[in-house]
1. Going through region 109-128 one residue at a time, which ones are small (Gly, Ala, Ser) and either out of contact with any helix residue (DSSP H, G or I) (no Cβ under 9 Å at 6 or more places or on another chain) or assigned to a helix (DSSP H, G or I) (or both)?
2. Just wondering, is there one or more residues in region 441-458 that are assigned to a helix (DSSP H, G or I), among the β-branched types (Val, Ile, Thr) and touching a residue at least 24 places away in the same chain (Cβ under 8 Å)?
3. Which of (1) out of contact with any Lys or Arg (no Cβ under 9 Å at 6 or more places or on another chain); (2) over 17 Å from Thr521 (Cβ atoms) is the odd one out, the single condition Arg487 does not satisfy?
4. Name the single residue that is nearest to Asn288 (Cα to Cα) among those in region 318-360 being in contact with a strand residue (DSSP E or B) (Cβ under 8 Å, 6 or more places away or on another chain) and β-branched (Val, Ile, Thr).
5. Any residue at all in region 499-512 that is more than 23 Å from the chain's Cα centre (by Cα) and touching a residue at least 60 places away in the same chain (Cβ under 8 Å)?
6. Which one is surrounded by the fewest Cβ atoms within 10 Å (Cβ to Cβ), of the residues in region 369-419 that are farther than 23 Å from Thr275 by Cα and touching an Asp or Glu at 6+ places or on another chain (Cβ under 7 Å)?
7. Condition test on Val290, is it in contact with a Phe, Trp or Tyr (Cβ under 9 Å, 6 or more places away or on another chain), in contact (Cβ under 8 Å) with a residue 40 or more places away in the chain and under 14 Å from Tyr252 (Cα atoms)?
8. All but one of (1) under 32 Å from the mean Cα position of the chain (by Cα); (2) buried (at least 18 other Cβ atoms within 10 Å of the Cβ) hold for Ser589; state the number of the condition that does not hold.
Amino acid sequence: MLAAVLGMQVGRPAGAAGPAGPAVGDPKQVLERTVFQTGQPYGDRIDLRADVAIVYGIGPDMPARVKSWRDRGYRIHLMTGVAWGNYQDYLYGRFDGINHVDEAQTQKNGEVIGHGGDVYYMSPGKSYGLFLCKGIQRALDAGVEAVHLEEPEFWVRGGYGAGFKREWKDFYHADWEAPDSSPEARWKASKLMYFLYRRALGQVFAFIQDYNKKTGKHVRCYVPTHSLLNYASWNIVSPESSIARIAGCDGYIAQVWTGTARTSNTYQGVSKERTFETAFLEYGAMQNLVRSTGRQVWYLADPVEDDPNHDWGDYRRNWESTLTASLLQPQVWNYEVMPWPERIFNGKYPSEKDKGERVPISDAYATELQVVINALKDMNQRSNRWDAGTQGIGVVVGDSLMFQRGEPNKSDDQLNHFYGLAMPFVKRGMPVQPIQLENVGLAGYLKGTKVLLMSYEGMKPLTPDVHKPIADWVRSGGTLVFVDDDRDPYNRVPEWWNSDGRHFDTPRQDLFRLLGLGLDTSEGEYPVGKGNVVFLHRSPSGIAHDAKGGDWLYQTVRAGAPSMAWRESGSIVLRRGPYVVAAGMDETSLPRASLEGSFVDLFDAELRVQTSPKIEAGSRHFLIDLNLWKQRLIAASAAVTDVAETSHSWEGTVEGIGSTPCFMMFRAPEKTEVTVDGKVRPVYDELMTLVRPSGGFFWVHTRNTAQPHRIRLTW
């Protein structure tokens, strides 16, 4: 596997010792396929051999931490929090002589929202972004290649502080209104929260652009952010899609992981965690933020999560679900392989067998993680082929999903006005895409989309210009399914659809006008140009809570788009070159895809050969099709570089996380001799175990060390 990724490397001389870290001379490291973030300096137990180390925090020790990772061969990025951090210099006036404590996000009862002590979530004032630039300058001086401004988050329950009230006066030219006093006040508070973090980010982006002009460098700017779906579910407002339209923005890290994806939703009347399905939709939402924009996105997955009280088995199962969901987005092949490796490889969490006992990571999980991390460098495959349900289905989402998440009249607590439309199709094995409303006017954005499900329950269009591209798409042959009972109280907030000469009761009426439909169109099916509009006068969240609602919606949509080649499946399978990514659906009796041939599952720490593995309900797989794999090295829980092969030998430089298993699988004869650093290793000695089954495969099992070893196989 890694031989295919790295080819014949020019790095350390064979057998030479040297610093750990990515191989010097790896031509593909510049692609930044894999990254990780850490607040620690280099350590043997957290050296993941990714392409990029993202150094976290802009404190005084940051330059030394940058140097410690650069000395190990990494490309270096910098990440710092936007919403909160150790920013006391700003709070207490040491930055500009002005006390900014009243810019802390504040709840109705007067309590500030923070991380303990005087570390607060900020309601960013006019100079807050400029303060962040001061710390960013230290990172630029240290020579970082990119800056990540993490999590611009304004909690919906905030909006009561003096700083926020000042900004309200400046923004609306009117006195502050309590956000929970009316739907109009809630809407206005959310729009202001959205604006404040967009302004702060714009200040930092402009600062870095100016630095680039002065120095001739090209330091890039990214925003690690939760998905729109999660922020709306967790009652947080963030600039989200508008970030990509700020000059100087280069893209995002999609912060999707077990903690976000295990948030419950409702399907067929049952409310529960659906980690895989939710993660699949979250990753899809993030990919659709950048599609057609020229921006980049990395997908994050976390082998544990922020809650330290789940057991290792729970973490592992949910990581496999989120990782599988991320791999089912073939347009993306860059990954943040984990945040905080220090808490994964040095931390202790409850044992599966005894929840009262905290234990370190198991050898099996450490092996599996490293096998997968190495494989993620090889995901830019030319061929991608689905074995799944119907493709081309989109569900429209917009940034204002975050605007109706507080009192009064909060929209569905679990965001089921979205999940009620999406889940009936995901559960039938259909790779549904969340379509970002603000992006529909981009050239080619709706290409490949055949059916759009849409509602203005729980969200509203922020501008009227999104309706014409949708109407044009319908006339060109698309099927629009609009599901709404028009009862959302936010339809009546003063906005563009009921002002400046427009007198619509709901923004849906403006869209229907452009489609040539009447303002009082009743439920039914209407041909429009070459396409079709299906109007269902029902609440999407009501459909989610109905025990038969998902079935009804699917059958209704299918009848409204008869020209579609409808196919249902109990699984979603994607072939990415020789890799096979597969997820089996639960809550369905539909038959699942079958796999024929010989495979190895990279989620199997022992890398055993499997013949025609079955996809079961709830199962997750990251497979290599051995019939399509042409390299001698198939998989390894270590980074392998400087590979050299002949018809009778293979050798490579191997290194991994200190004191973890090194498990390597080869296509090689049974009678193979192994040497390490030029010395023959006997079978079953303290360092090495050799497993020699039949079938032309050969396993080497040893221990990883931070220093490189030269392993040679001859036959």
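The values are calculated or read from the model by the stated rules, or taken from the named source; none is laboratory data. This structure is a prediction, so every number in the text was calculated from the model and none was measured. Please note: Cβ atoms are built from the backbone with ideal geometry, for glycine as well, and neighbour counts cover all protein chains shown.
1. Across region 109-128, the qualifying residues are Gly110, Gly114, Gly116, Gly117.
2. no
3. Every listed condition holds for Arg487 apart from (2).
4. Here the residue is Val332.
5. no
6. Going through the qualifying residues, I end up with Pro408.
7. So Val290 passes the test.
8. Only one criterion in (1) under 32 Å from the mean Cα position of the chain (by Cα); (2) buried (at least 18 other Cβ atoms within 10 Å of the Cβ) is unmet by Ser589, namely (2).
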